[in-house]
Structure formats: C-alpha cells, structure tokens
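Asks: Handing you a structure now.
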Amino acid sequence: MAIEKNFLQLEFGSGLFFNYSKDPKEGYDKHTSTKGNESYRKYYKEGVSGILESVSLYDSKFGTQISMNVKDGDNVYYLPVAVQDQSDNVDTYAESLIKLLPQLNKGDKVTVRGYNFTPEGDKYSKIGVSITANDVKLKSKVTNAYFKEGKLVDGDIPALEWKLNKLGKNKPTAVSQESKNDYLLDLVTKETERLKWVQGESTPSSEQQTPKSEIPKATPTEAFKSATNVKQEDYDELPF
C-alpha cells in the first residue's frame, strides 16, 4: 500500500492539529472562518502518534515553520509549528516545542499534541506543545531566567526585562527580547540540524538513539518587537 502523506495545520485558538479539506469528508467538521468562508477540518484531539522520522525547518508562505515528521503505519504526518508570531518574536507554541527538542531522537515513539486553555481562576492562557516520547511525558530541561521581586533567578533562556512605555503599558525591553529570541533561534537551528532527514539514512529505533546535544549559550543578534500577553513559563499541569 502506498504511503499517505498528511500535511496538518495547527489551529491557534484550540491548539489542535487538523487536516484541511475544501470539500465535505467523513470525519471532518465544518468550519466557518471570520470572513464567512466554509471549509472542513479533521481534528486530532488525542494528538498524533507514531515514529519520529525527522524534525526540520522550512520556509512557507506563512513564514519559517518547524515541521515534525511522524510515521504511523502507511500514514506520514507533517506537523508544522510557526517559528515566529506577528511581532517577529518566537511564537509561544514554538518556544514550548523548541525547549523539548534536545530530548528527542529520530526513531522515538511519540505522541504530539498542542494545547491552548485557561485554567479556572487564572488570567493567563497555557499555550504550547506537549510530547510523550517512548511512553514518557517530556518535561523541558531548558529553563527560563526571570526576575522575582527585583532579583534575577538564573536560567538557560535570558530573562525578559520589563518597563512602562509612553502609553503606560508594561513591555519587555528590546534588548532583553532580542536575547531571548536569539537563544531560542540558536537552539532550534542546532536541534533541527541534528534531527533533520538525511537521504539514505534509515530511521533508528528508540533503542538506537543518537546522543543528546548540548544546550547552546545565548548570543544576541537582531532586535525583535514586543511579546504577546501570554505568561512565559513551563506548563507541567496539563489536562492530559
């Protein structure tokens, strides 16, 4: 039987990966856009499971994407996550995924899902990508530095420094945002180089993994604009 390729998309509002169709199909839900356009979507509410064949960066009409290639029998799923948001900062979903990449290897048995929800009583959304690899739910070992009561708590990713702008809104400084973006872009470049598909290479089993790569040190490059209002932290207590 021929391999069926499934090019999925990530719905920001729900965090679900989905297959798109312009025509009705069995198992697909009708979707109406804000402009009134109708299409059909098959949502992967339990995530996408299979063998991780590769993780790579590629340029699309929507900007640079991180693509995870997951094979399940005769189906291959391509799971894209946009690297940058509309402000040219590293996207919240992407940051979550990037921080898990050092723990992944080609040949791992994985389940990948996105999430976007607001816990009861919390004003911040929890947004990101969750991965279970070889029956173990991954928890990021890449930590965020941050300021607490004016004191710096050390971490791998440079801390954001906040200040009030002329409109009285609390915004991260350009320099601190630049440093954070630079670190994450360095990390995703290094990890996708390690995890990319290589022609003629057979995908190793989970018992034949390549060594984990080291986490790079932060090196500032070009400045980025302000972040979104999503709280930046590691999310451990997910509803799955």
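A short reminder: the numbers here are calculations on the coordinates, not readings from a lab. None of these values were measured; they are calculated from a predicted model. Don't worry about glycine lacking a Cβ; one is built from the backbone with ideal geometry, like all the others, and counts go over all protein chains shown.
Asks: I need the Debye-formula profile for region 4-141: one equal scatterer per C-alpha, no solvent, reported as log10 I(q)/I(0) at q = 0.10, 0.18, 0.22 1/Å, two decimals.
Replies: Reported log10 I(q)/I(0), two decimals: -0.34, -1.12, -1.52.
Asks: For a quick check: sort ILE98, ILE131 by the number of other beta carbons within 10 angstrom, fewest at the front. Walk me through the numbers on the way to the answer.
Replies: Numbers: ILE98 27, ILE131 22.
In order of increasing Cβ crowding within 10 Å: ILE131, ILE98.
Asks: To continue, here is another question. Exactly which chymotrypsin sites (Phe, Trp or Tyr not before Pro) in region 83-148 are in a DSSP loop and have at most 14 other Cβ atoms within 10 Å? Each step should come with its number before you reach the end.
Replies: Working: sites: TYR93, TYR115, PHE117, TYR124, TYR146, PHE147; in loops: TYR124.
Hits after loop and neighbour filter: TYR124.
Asks: I've got another one for you. Order 58-65, 182-189 from most to least packed using the mean count of other Cβ atoms within 10 Å. Show your work: numbers first, answer last.
Replies: Numbers: 58-65: 11.2, 182-189: 20.5.
Averaged packing, sorted descending, gives the order 182-189, 58-65.
Asks: By the scheme Lys and Arg +1, Asp and Glu -1, what is the net charge of all other residues having a beta-carbon under 14 Å from that of LYS163? Don't skip to the answer; put the middle values down first.
Replies: Values: positive: LYS166, LYS169, LYS171; negative: GLU161.
Local charge sum for LYS163: +2.
Asks: Then there's this: Which value results for Rg/Rh of region 111-191 when Rg is the Cα radius of gyration and Rh the Kirkwood radius based on the inverse mean 1/r?
Replies: That ratio equals 1.03.
Asks: Might you report the magnitude of the Cβ-based charge dipole of region 4-141 about its Cα centre, with Lys and Arg at +1 and Asp and Glu at -1, to the nearest 20 debye?
Replies: 140
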